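Trainee: Pasting a structure here, questions to come.
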Amino acid sequence: MYEDSAQKIVEKILQLTSLSGRLVLEIGCGDGRITSLLFTHTTQLVAIDPDPDLIRKARFENTGVDFRLAKGEDLPFFDNCFDLVLFTLSLHHQESSCALSEAGRVLKSDGQILVVEPADDGEVEQFFTLVHDEKKDKEKAQQAIRQSGLNLVDTEIFSATWMFDDKEELCRSLFDYYEVPFDPDVARQISTLLGAKQNS
């Protein structure tokens, strides 16, 4: 399998804002795969996630980053302390309105909040949805952004590349990602959705 989504996300973040010399908070860092790329552009990075196993893995694989076990809805930081708050594919995994409010609280008056969310109609997202449907959560996140009262400066859609050797690798990666047992009915749906692409 080859995918460049983490690299594309960081490239887009760097197009939209600078990380240099700024105190950055990444909310929902998971195992740190995006964090590690962000850290090469700033030495002042705090990354949080509520999953202790993922934080443990992130700390093991990435030195120099201040990883903390915390929730976006209850940030353990003082008011007005970060220059930039990032949600990297994580806003829809939490109580979005509360998380955005907390992000606003810890943000300096001249700071920025940048949210990266998966697009519902993205090609790879259609496969993810067959295994674990997050559509309602993603819609709530978008609604929370619209109702946040924050000054929305820009919205962009960008693409990443996902390539699999065959249908079996695609299925295996999807079930593994969500840590769910193999489901032959879902595998058939994946095959149907792939159509002619599975032969190319």
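Trainee: Hey, any hits in the stretch 65-82 for a residue that's of a type in the set (A, V, I, L, M) and either closer than 22 Å to Asp154 by Cα or in a helix (DSSP H, G or I) (or both)?
Mentor: Checked against the condition, which is being of a type in the set (A, V, I, L, M) and either closer than 22 Å to Asp154 by Cα or in a helix (DSSP H, G or I) (or both), the stretch 65-82 yields no hits at all.
Trainee: Would you confirm whether or not the stretch 100-116 contains a residue that is over 13 Å from Leu25 (Cα atoms), open to solvent by 50 Å² or more (accessible area, probe 1.4 Å) and under 17 Å from the mean Cα position of the chain (by Cα)?
Mentor: no
Trainee: Does Ile48 count as under 24 Å from Glu156 (Cα atoms), open to solvent by less than 80 Å² (accessible area, probe 1.4 Å), part of a strand (DSSP E or B) and among the aliphatic types (A, V, I, L, M)?
Mentor: Here the answer is no, as Ile48 does not meet what is asked.
Trainee: Follow-up. Can you name the residue in the stretch 77-97 that is open to solvent by 30 Å² or more (accessible area, probe 1.4 Å) and without any contact (Cβ under 8 Å) to a residue 60 or more places away in the chain and is also nearest to Glu125 (Cα to Cα) among such residues?
Mentor: Restricting to residues being open to solvent by 30 Å² or more (accessible area, probe 1.4 Å) and without any contact (Cβ under 8 Å) to a residue 60 or more places away in the chain, the top hit is Glu95.
Trainee: Return the residue satisfying two criteria in turn: it lies in the stretch 150-176 and is polar (S, T, N, Q) and open to solvent by less than 100 Å² (accessible area, probe 1.4 Å), and of such residues it is nearest to the chain's Cα centre (by Cα).
Mentor: Once the filter is applied, the top-ranked residue is Ser159.
Trainee: Which of the residues belonging to the stretch 9-29 are under 16 Å from Gly104 (Cα atoms), open to solvent by less than 20 Å² (accessible area, probe 1.4 Å) and over 12 Å from the mean Cα position of the chain (by Cα)?
Mentor: Result: Val24, Leu25.
The values are calculated or read from the model by the stated rules, or taken from the named source; none is laboratory data. Because the structure is predicted, anything quoted here is derived from the model rather than measured. Quick reminder, even Gly has a Cβ in these numbers, built from the backbone with ideal geometry, and neighbours come from all protein chains shown. In case anyone asks, the SASA skips ligands and DNA or RNA and just uses the protein heavy atoms, side chains included. Shrake-Rupley method; radii C 1.70, N 1.55, O 1.52, S 1.80 Å.
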